[in-house]
Amino acid sequence: MDVLLIHPPFLEGYSKARIDLPPLGIGYLATVLRQDGHRVRIADLNMDSRGLLDRADEFDLVGISGDTPRHGLSLKLAARIKEQGVPVVMGGPHVSFRVEENLRHGPVDYVVRGEGERSFQALVRDLQEGGDGLGVPGISCRNGGEVVHNPETSFLDINDIPLPSRDLLPMSSYRVYVGNRLGTTVIGSRGCPFNCSFCSSSELFGLKWRPREPEAVVDEVEFLHRHYGFRAVLFMDDNFTLDPDRTIRICELMAKRDLDVLWWCFSRMTTVTQREDMVQSMAEAGARQVFMGVESPHREVLEHYGKKATSDDAEKAVRILRKYGLRIYGSLIIGDPQEDRAMIRETIRYAKALKPDLAQFAILTPYPGTRLYDEMQPRLLDRDWSYYDGLHSVISYDYLSPDEVEAFLKKAYLSFYLRPKQLYVWGRQMARFLGYLARR
């Protein structure tokens, strides 16, 4: 079969921020389909591939993968494809948890629920053989006027999943940096045992953490370095450092192979505080920045999120990371229903006192598939999914109006980044970066 896989464009705010990352999710899907002999094209609509949309009738099947804030865009793309008479498959975190509304009322023929490689591969095999998708595990579809949910599929052994088809993507066009080095993304594990109330990862990929073998991770890093010339990597899995001994092994392999690669990863605060030897190994192996979900200084808010960490953990983790020269990217959330003005102001002050190199602020958002979404049903103010982006208030609060919370978000960014010291640091970094570009 000829299959087109579509990655919807980023929303305007993210496009302006130039967040250019290759869509590895559909890259993995492309690989398993190609293994079965199917011809696959990828249209990353953040890049120059929109012309494929007008030629959708050249394909036997079109798959669209999207998240909650881009779901409206995904549906418009699906309608455009359906007008050309081509069946549409949709997957991703949003439709996995909102199957009924999309199959009953949307221009979607099939939904791949959760982890997609095995289910999508099986669906395409079934359709090629003249089937209708009924009975394919992990797939939901229509049968007459009824929506049918086929049985769940088991989670994959992540070490059996082949590398994503980066050759189908415009790899030279993506722009993301670690320090002053152009980098790209790698996924080293799936699943999350922590199940924070605002995150759907545990539901989507399972509570069991499934890591790839250290050798396989470093093989991929080496391939990207040797084949594409990337000298920086961003590990995008939620829990890259969850097993400190595995992390140390990855560091040892990178050093043994003499890979001059800088890298960036996500880590829990408590993992950092419990294993300082891991942080030292990371720094020696090229790690330059760690992203941590700090979220809030307030105990009651952290308990509501199910974070299983404290503000003391955050402060200790920052000290350890800074000791070994690693930059800190801290994530904080405002707009918990129980927060008042004083609490949000304290969160902003706390972010500045913690002194991460970068801070990301977001408004608490109840995404489908999370415990928070179920809890917030009586408070939901809007079901326009484009507002579910962490920048807009979509719930009611006990002490604040939605407009006040959005104003606090702007204040948080301005207060953190417009400090004289922060501007000085950013100025020095920008000067070094521009100097690097001038020497190229």
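The values are calculated or read from the model by the stated rules, or taken from the named source; none is laboratory data. All values reported here derive from a predicted model rather than from experimental measurement. Don't worry about glycine lacking a Cβ; one is built from the backbone with ideal geometry, like all the others, and counts go over all protein chains shown. All accessible areas refer to the heavy atoms of the entire protein, side chains included, with ligands and DNA or RNA removed. Shrake-Rupley method; radii C 1.70, N 1.55, O 1.52, S 1.80 Å.
Listed by first and then second residue, the pairs with beta-carbon distance under 7 Å, at least 6 apart or on different chains, first residue in segment 206-227 and touching a residue at least 24 places away in the same chain (Cβ under 8 Å), second outside any helix (DSSP H, G or I) and among the charged types (D, E, K, R), are ARG210/ARG190; PRO211/ASP243; VAL218/ARG257; GLU222/ARG257; HIS225/ARG231. Output yes when any residue across segment 276-296 is under 28 Å from LEU204 (Cα atoms), open to solvent by 20 Å² or more (accessible area, probe 1.4 Å) and over 18 Å from the mean Cα position of the chain (by Cα), and no when none is. Within segment 276-296 (the criterion being under 28 Å from LEU204 (Cα atoms), open to solvent by 20 Å² or more (accessible area, probe 1.4 Å) and over 18 Å from the mean Cα position of the chain (by Cα)), the answer is no, since none of the residues qualifies.
Candidates are the residues of segment 20-38 that are touching a strand residue (DSSP E or B) at 6+ places or on another chain (Cβ under 8 Å) and in a helix (DSSP H, G or I); the one that is most open to solvent (accessible area, probe 1.4 Å) is ARG34. Take the conditions (1) touching a helix residue (DSSP H, G or I) at 6+ places or on another chain (Cβ under 6 Å); (2) part of a helix (DSSP H, G or I); (3) farther than 22 Å from TYR174 by Cβ; THR241 misses just one of them, which is (2). Return yes or no: is TYR399 hydroxyl-bearing (Ser, Thr, Tyr), touching an Asp or Glu at 6+ places or on another chain (Cβ under 6 Å) and surrounded by fewer than 19 Cβ atoms within 10 Å (Cβ to Cβ)? Considered against the rule, which asks whether it is hydroxyl-bearing (Ser, Thr, Tyr), touching an Asp or Glu at 6+ places or on another chain (Cβ under 6 Å) and surrounded by fewer than 19 Cβ atoms within 10 Å (Cβ to Cβ), TYR399 comes out as yes.
Per this entry, ARG41 is counted among residues that are open to solvent by 20 Å² or more (accessible area, probe 1.4 Å) and either β-branched (Val, Ile, Thr) or in contact with a Leu (Cβ under 6 Å, 6 or more places away or on another chain) (or both). Residues in segment 209-233 that are open to solvent by 30 Å² or more (accessible area, probe 1.4 Å), among the charged types (D, E, K, R) and touching a strand residue (DSSP E or B) at 6+ places or on another chain (Cβ under 9 Å): ARG231 alone. Taking the numbered list (1) surrounded by 19 or more Cβ atoms within 10 Å (Cβ to Cβ); (2) free of Cβ contacts under 8 Å to residues at least 40 places away in the same chain in turn, GLU129 passes all entries but (1). Across segment 316-336, what is the total count of residues that are of a type outside the set (Lys, Arg) and more than 21 Å from the chain's Cα centre (by Cα)? Within segment 316-336, residues that are of a type outside the set (Lys, Arg) and more than 21 Å from the chain's Cα centre (by Cα) number 9. The residue that is farthest from ARG371 (Cα to Cα), among those in segment 194-207 that are among the small types (Gly, Ala, Ser) and surrounded by fewer than 20 Cβ atoms within 10 Å (Cβ to Cβ), is GLY206. Across segment 194-214, the qualifying residues are those that are assigned to a loop (DSSP other than H, G, I, E, B) and of a type in the set (Ser, Thr, Tyr), and the one among them that is modelled with the lowest pLDDT is SER200.
Could you check, for segment 177-193, whether at least one of its residues is within 30 Å of GLY335 (Cα to Cα) and open to solvent by 20 Å² or more (accessible area, probe 1.4 Å)? Taking every residue of segment 177-193 in turn, at least one turns out to be within 30 Å of GLY335 (Cα to Cα) and open to solvent by 20 Å² or more (accessible area, probe 1.4 Å).
Could you check, for segment 317-329, whether at least one of its residues is over 25 Å from PRO8 (Cα atoms), among the aromatic types (Phe, Trp, Tyr) and in contact with a strand residue (DSSP E or B) (Cβ under 8 Å, 6 or more places away or on another chain)? Yes - at least one qualifying residue is present in segment 317-329. With the structure loaded, tell me whether GLU339 is modelled with pLDDT of 95 or more, open to solvent by 10 Å² or more (accessible area, probe 1.4 Å) and more than 21 Å from the chain's Cα centre (by Cα) or whether it fails that test. Criteria not met by GLU339.
Looking at ASP374, ASP403, just one residue is under 19 Å from CYS196 (Cβ atoms), free of Cβ contacts under 8 Å to residues at least 60 places away in the same chain and part of a helix (DSSP H, G or I), and that residue is ASP374.
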